[in-house]
Amino acid sequence: MTFIDGAAPLETDIVKDGTDQGFMAEVVEQSRSTPVIVDFWAPWCGPCKTLGPPLERAVRSAGGKVRLVKINIDENPGVAGQLGVRSIPAVYAFDQGRPIDGFMGAIPESQIKLFVDRLAGADMTAEIEPLLAQAAESIQLGDIGGAAQAFTVVLQLDPTNTKAIAGMARIALSAGDIENAQEILAMAPPEKINDPDIAGVRAAIELAGNAANVGDNDELGAKVTANPNDLEARFEYAEALSARGDLEAASDQLLTIIEKNRDWNEGAARSQLLKIFEAAGPMSDVTKQGRRKLSAILFS
């Protein structure tokens, strides 16, 4: 390792080309004192050219707290083969002589910086809220992949973050994968199982679990249209809508029941409405608008 006046490593030590022969010394042994990122690439790989510059910038910005070794797999296929690299770019992070993290493919520069900073030991807690805001914005824009990516980064920074756990569970639920949503929700630590975000997804899973037991939406909707005062049919329609994820329409049907008969079926409509509010989340438009409408009905 080269130092200037014993103070800091040279730029050539921070980012360097590696070989199969030098892997043990340059990566494994070096990582026992300083984390090392290995970038497996090839000259013909377009995504590698996209990833390389921002990865180098992020490593240099870390000021020697992490190093980068770039390995051309065309010239050095040995270690890549041993690690099971099947597509490139493939990035591995080594610490204390072993791989501890990594990713494949070109990712946004913001995520590259988070990856490097986390490995360099930076305090990442300040990054969590912006990532959660980014995930929420992505969901509003219909970019589910972007939201999942942001939630995943949050969970790498804080595996017990309930907003990210709930967000990932909701994404699974929106895809109709109730079992996966339940598995994700189980990631929440025992002391946080009653957190509002977790409880909301649990309620949404419960509603979705009724999908097999409710009638056809179109048939029930037609029944309500034919007889608007058939509150039982309207309630069944609301159950069917909520089971299939249309919480806003289900809320409207239940509010209509309450408006027509506040005490119908011992308050069943209001109980179901509150469950929908919980499933939608306290800050959702469904809940905020629904509560305003409910207040207008009850206090008119």
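FYI, it's all coordinate maths here, none of it is from the lab. Treat the numbers as computed from the prediction; the structure is a model and nothing was measured. So basically every Cβ, Gly included, is an ideal-geometry build from the backbone, and we count neighbours across all protein chains shown.
Listing for the model above:
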{"quantity": "Estimated distance in nm for a label pair at Asp17 and Ala126, the labels positioned 7 Å out from Cα along Cα-to-Cβ", "calculated": "3.8 nm"}
{"quantity": "Of Leu274, Asn217, Pro228, farthest towards positive along the dipole that unit charges on Lys, Arg, Asp, Glu beta carbons give the stretch 211-298", "calculated": "Leu274"}
{"quantity": "Relative exposure of Leu241, Leu220, judged by other C-beta atoms within 10 Å (fewest first)", "calculated": "Leu220, Leu241"}
{"quantity": "The stretch 160-178 residues near the modelled Lys192 label - backbone nitrogen below 19 Å, point 7 Å along Cα→Cβ", "calculated": "160-173"}
{"quantity": "Those chymotrypsin sites (Phe, Trp or Tyr not before Pro) in the stretch 33-83 that DSSP places in a loop and that have at most 14 other beta carbons within 10 Å", "calculated": "Trp44"}
{"quantity": "Assigned charges on the beta-carbon of Lys, Arg, Asp, Glu; the chain dipole about Cα centre (debye)", "calculated": "400 debye"}
{"quantity": "Asp101 long-range amide H proximity, modeled H, under 5 Å", "calculated": "Ala93"}
{"quantity": "Of the GluC sites (Glu not before Pro) in the stretch 28-98, those whose Cβ has at most 16 other Cβ within 10 Å and which sit in DSSP loop", "calculated": "Glu75"}
{"quantity": "Cβ-derived FRET efficiency at R0 22 Å, Lys49 paired with Met104, nearest 0.05", "calculated": "0.90"}
{"quantity": "At most 10 other Cβ within 10 Å, DSSP loop - chymotrypsin sites (Phe, Trp or Tyr not before Pro), the stretch 93-141", "calculated": "none"}
{"quantity": "Reach of Lys223 by Cα under 30 Å, taken over lysines that are not fewer than 8 positions away in the same chain", "calculated": "Lys260, Lys275, Lys288, Lys293"}
{"quantity": "In order through the stretch 114-128: 3J(HN,Hα) via Karplus (6.51 cos²θ - 1.76 cosθ + 1.60), integer Hz, x for Gly, Pro", "calculated": "4, 4, 5, 4, 5, 5, 7, x, 6, 6, 9, 4, 5, 7, 5"}
{"quantity": "Residue exposure sequence - Ser87, Ser61, Ser300 - by fewest surrounding Cβ within 10 Å", "calculated": "Ser300, Ser87, Ser61"}
{"quantity": "Length released on extending from Glu29 to Arg60, taking residue separation times 0.36 nm less the Cα-Cα span", "calculated": "9.1 nm"}
{"quantity": "For the stretch 149-300, with +1 on Lys and Arg beta carbons and -1 on Asp and Glu, the positive-most of Ala238, Ala186, Leu254 along the dipole", "calculated": "Leu254"}
